[in-house]
Every structure is written in C-alpha cells, then in structure tokens.
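Worksheet: one structure, shown below.
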Amino acid sequence: MVPTDPLRTLLLPVLEACPLQAGSLYTSYKDLSLSVEWHDLRAFVLPGTEWAVILGHKKRQDPLRVVLPLPLHTTALKPSILKLIYSTLASLPFSAIPVPDDPLVPSIEEVQREMASRRVTSGDAETGEGSTEKEKDNGQEAAEVNESIDRETIYLAIVTSDSTVVYYKLSKGIKKPADIPDE
Amino acid sequence: MAIDIEPMLASPSSIPIYLINGVGTVWDAQVAATLHCVHGISGLRVGTLPGVSSQNGFLGLPITLMQEETAYLVRQGIAHLVPVNPNPTHSLPTSAEVQKYSAERVRRLRELEASMRDLEVENARKAKAKFTQAGEAAAAKREARARIRAEKAAKGGVELFEPEEPAPTSKPIAKTSLEPLRGTHFHDIAPHPHFPALAHLPSITSLPHPLFPFPSSARDRALLATFTRLLSLDLRVGLGPRFGGEFLVYPGDYLRYHAHYTSQVVVGEEAIRPAEIVAWGRLGTGTKKAGLICCWEEEEGGEEDGVEFYSLEWANFG
C-alpha cells in the first residue's frame, strides 16, 4: 500500500479546485515551508476566482504575504486575471482567510523549546528559572505576529519541470526598485 | 479606418516637426531645448559633427523622435508635422542656394549676438543704477561731495551745484528681425511630391496620416497610451530595446537620472507568460531597474487611457 503524503492530503481540496496550479501549488508550498522557511502557511482559493494562493509570514513581524503559484509555461495568466486577483485581495475580509496549517516540520523555535523542556524534565534545578524565561519569550513571540495582509504585492512562485521555484515580486502600481536609494 | 487628410490649422505656437521618410526630426537647437525642458521629450541626437572623431559621444542636431514622441506632440497640440520630400536627388540645393542659406544663417546669428550684447549692456546699466541708489558707499560719497561743494561755496564764487553727469545714453535694443518660429520655416521646404500643399500651413495635425501611419493597430494605441500616461505622471520615457524592454522609464531628466524601470507593454488580453516574467525580472535585477508591466485595454468610446501598471522585481529569495 502506498503511504499517503500528508501534504497532498492537506492540500487536496485546493489542488482539486485549481488543477492548473496543482503541481506548482504543491511544490511551492513545500519549498516555502522547508527551504525558504516561511511561517503560518495556508493555501486556499481566492473567493470569486479560480485561482489558489498561499498566505504566510516571511517574518512573523511582517504582514502576511500572498504567493501565487504558477507553472512556467502556462498561458492562463492575463491582465484581467491580475486585475481580479488584486481587487479580490483589496477587499478580502479576514473571516475568509483560513487558519494556518500545521507546519510540515517543527520550527527552530519549537525545537529549542523542546530541548529546553527536556533539560528541565531531566532534573536540572538551574533550568527552572530558564524555562520561565522561555515561556516569556514564547508569549512575546506570539505578541509579535503581524496578522495584517500586504494587499498591494503578490509573490509569483514560478515552478519549472525540475521542481525549481523562482519567486518574483509583483506590486500594483509604479514602485521604485528596492536597490535604488532615495534621491 | 478613415484617415483624416483634411488637417486642422496648427496653432500659432505649434512647433514644426519635419517628417523625413516617416521619422519626425528637429533641426533647431531652441526647439530641441524647449521639447526637452518644457515637454519632457528628448528624442535621439543623430547628427555627426565635422572634425570630431568620437561620434558616439558628441552627436548633435538633428534630433529624431520616436513614433510615440511624435504622435504625443501632435495629439497634444504641441507640434505639427511638415512632410519633406524624401528623394534628395530632386531637391539638392544649388551652390547659389547654399550660399544664400549660409548668408542668411550667418545674418541671423549675428543679429542674435547683437541683441544679446544689447541685452547685456542694458542689464549692466540697470544693475549699476540699482547699486548707485542703494549703496551706502554711494550715499556717503554724495554727502561728502555736497560738503565739499558747500565749503567751496562758502569760500565764494563757485556753483553750488556741479553740472550733473550726463545720464548714460541707453542704446535702444535692436529689434531682431528673426522670423518667429511659428508655422513658417527658416528656408523653403521642398514639398513632399504626394502632398505638396503640406509644405506650408496647414500641416499634419491629426494622426494617423498616410505619411505617418501611427497609431494604426491596437499595439500602436497601447504604446501611445502607455507613453502618454507615463508622461502625465512626470516620468520620462526613452528607448528600451537595449535593455530588453519597450521603453526605459526615468524619474526625471535622463541627463540627471538613470532609468528606474524597463517597461513591457501588454495589449488587451495577451497572455503574461511566467517564463517572460522571469526574463523581465532578471533583466531588471542586474541593471538596478525594476520591470514595469503596462497592461493596456481599449476603453469604450475610443479613449486610450486604460493603462494598469505592475512593478516587477526578483523577490530576493528562493
């Protein structure tokens, strides 16, 4: 019996709703989670469209960012689709955003917490105070999560046939390049 | 599409752009400066200078304009097109004409120099008069002079008031006889054989025209609409092919700034291929520019202003 792929199981509803993006969605979700190490990922279909996006944090203090997975050779992306995606994002209510999925692997912070708690349970008296400090850190970390959404920028996750993913930032309007200083 | 070949009269301040083989050209330095400084249109200098070996760095007049620049100027009512006979064998000037043109050119330059000299003299006189009135040193000098006169008068037999210095005669500024650059030409223009009447007023004020068939297609309209919209946002637009784009977009005068964007124009519902996005993004990354995707859609009623802009950069990860 072929073991089930937990990521496929997690994403199945979205993969079936958007077959054009299925392969690129699966690969880019995995890439964002394991390689690029984004947090709080969730994939869903934008309401009123036939396009799936991934939302997540690059850094927890930054707003939620929107990723649009695309296969390299698709011809389905048209100006009207871009306009629709941006206008849907602009009016997307928070109630329409699903809660984050469970991460595919524990994060670094979670591993550190696990190791700290093991040191506590191993009977080290000095770590009693340390675990309290860790709990404070956790609380602070949760308080720093930025739940707003960057509605003006989409990251295009372009997936090739060898599973390479390249990311390009597409901002609405005329935005100065990041590496040009203000004059 | 019906082409309007009954041109409207160009306005008195309209700039003539000489149409040679379908390319708009500017041959006058003042016109070039006006277009550059006032209207944000720079064109491309293509004239070679005699005696200068490094031609690439020191090109001069004439200026050739992109088709978008030419159409923009005509449509905005800033310029009109004067078609010139493209067949030089029938319109090469005779040696007598060359001498006559040269003499006229020298005369105009000398008149211009004279008027500038007169203007300098007048300005210097005004500045001096202003200084004389306001200067403390001048006031003290006047008081001292008055004191000396009074002393002399007290000694007797001397005029209380010295004759005033004659006011400097102001030479009237020579009125230049330069013809205004409005709808007439410095020299006679050899008219286009198919449209001989267009060598003089009225000229081409409406586009497209058989001699300048832009904009004709949807892509042409998209290019012109994008160009017009970018200029309306106080951006400057130059040629983009050497950076792999349609236009280069500058935040201001191209003599001051590097381009910030390499633009691509997408017409109507053309597909935007991810492979092209990668190519456009890579083009920008190595050259400190962002890609600018300009999506044009023809509006109902023939309005050409429906342009959506998207800025493209590499995401810096992945």
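Go through segment B:214-226 and report how many residues are under 23 Å from the mean Cα position of the chain (by Cα) and away from every other protein chain (no Cβ under 14 Å).
Within segment B:214-226, the first condition is being under 23 Å from the mean Cα position of the chain (by Cα), and the residues that meet it are B:214-215, B:223-226.
The next check asks that each one be away from every other protein chain (no Cβ under 14 Å); those that pass are B:214-215, B:223-224.
Total meeting the criteria: 4.
Which residue out of B:L239, B:L312, B:L283 is more than 8 Å from every other protein chain (Cβ to nearest Cβ), over 21 Å from B:L65 (Cβ atoms) and among the aliphatic types (A, V, I, L, M)?
B:L283
Quick check on segment A:57-76. Is at least one of its residues surrounded by fewer than 16 Cβ atoms within 10 Å (Cβ to Cβ) and β-branched (V, I, T)?
Looking through segment A:57-76, at least one residue is surrounded by fewer than 16 Cβ atoms within 10 Å (Cβ to Cβ) and β-branched (V, I, T).
Residues are listed down the side, and each one gets a yes or a no for (1) of a type in the set (A, V, I, L, M); (2) over 14 Å from B:L312 (Cβ atoms); (3) not assigned by TED's automatic domain parsing to the domain that holds B:G291:
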{"site": "B:L224", "(1), (2), (3)": "yes, yes, no"}
{"site": "B:F227", "(1), (2), (3)": "no, yes, no"}
{"site": "B:S232", "(1), (2), (3)": "no, yes, no"}
{"site": "B:G244", "(1), (2), (3)": "no, no, no"}
{"site": "B:V249", "(1), (2), (3)": "yes, no, no"}
{"site": "B:D253", "(1), (2), (3)": "no, yes, no"}
{"site": "B:Y257", "(1), (2), (3)": "no, yes, no"}
{"site": "B:H260", "(1), (2), (3)": "no, no, no"}
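What residue, among those in segment A:86-107 that are free of Cβ contacts under 8 Å to residues at least 24 places away in the same chain and assigned to a helix (DSSP H, G or I), is nearest to the other protein chains (Cβ to nearest Cβ)?
It comes out as A:S87.
Is it true that some residue in segment A:124-134 is under 18 Å from the mean Cα position of the chain (by Cα) and either modelled with pLDDT of 90 or more or more than 14 Å from chain B (Cβ to nearest Cβ) (or both)?
Filtering segment A:124-134 down to residues under 18 Å from the mean Cα position of the chain (by Cα) leaves none.
Within segment A:124-134, not a single residue is under 18 Å from the mean Cα position of the chain (by Cα) and either modelled with pLDDT of 90 or more or more than 14 Å from chain B (Cβ to nearest Cβ) (or both).
Filter segment B:77-104 down to residues that are touching a residue at least 60 places away in the same chain (Cβ under 8 Å) and part of a helix (DSSP H, G or I) and give me whichever is surrounded by the most Cβ atoms within 10 Å (Cβ to Cβ).
Filtering segment B:77-104 for residues that are touching a residue at least 60 places away in the same chain (Cβ under 8 Å) and part of a helix (DSSP H, G or I), the one surrounded by the most Cβ atoms within 10 Å (Cβ to Cβ) comes out as B:Y101.
Among the strands (runs of 3 or more DSSP E) contained in segment B:241-318, which hold 1 or more residues that are surrounded by 15 or more Cβ atoms within 10 Å (Cβ to Cβ) and touching a His at 6+ places or on another chain (Cβ under 9 Å)?
Values: elements: B:247-250, B:261-267, B:290-296, B:307-314.
Those strands (runs of 3 or more DSSP E) span B:247-250, B:290-296.
Scan segment A:77-85 and give yes if some residue there is at pLDDT 80 or above, assigned to a loop (DSSP other than H, G, I, E, B) and within 14 Å of chain B (Cβ to nearest Cβ), otherwise no.
So in segment A:77-85, the residues at pLDDT 80 or above come out as A:77-85.
From what's left, assigned to a loop (DSSP other than H, G, I, E, B): A:77-78.
Among the residues that remain, those that are also within 14 Å of chain B (Cβ to nearest Cβ) are: A:77-78.
The answer is yes, given that some residue of segment A:77-85 is at pLDDT 80 or above, assigned to a loop (DSSP other than H, G, I, E, B) and within 14 Å of chain B (Cβ to nearest Cβ).
The values are calculated or read from the model by the stated rules, or taken from the named source; none is laboratory data. This is a predicted model, so every value here is computed, not measured. Virtual Cβ from ideal backbone geometry, glycine too; neighbours counted across all protein chains shown.
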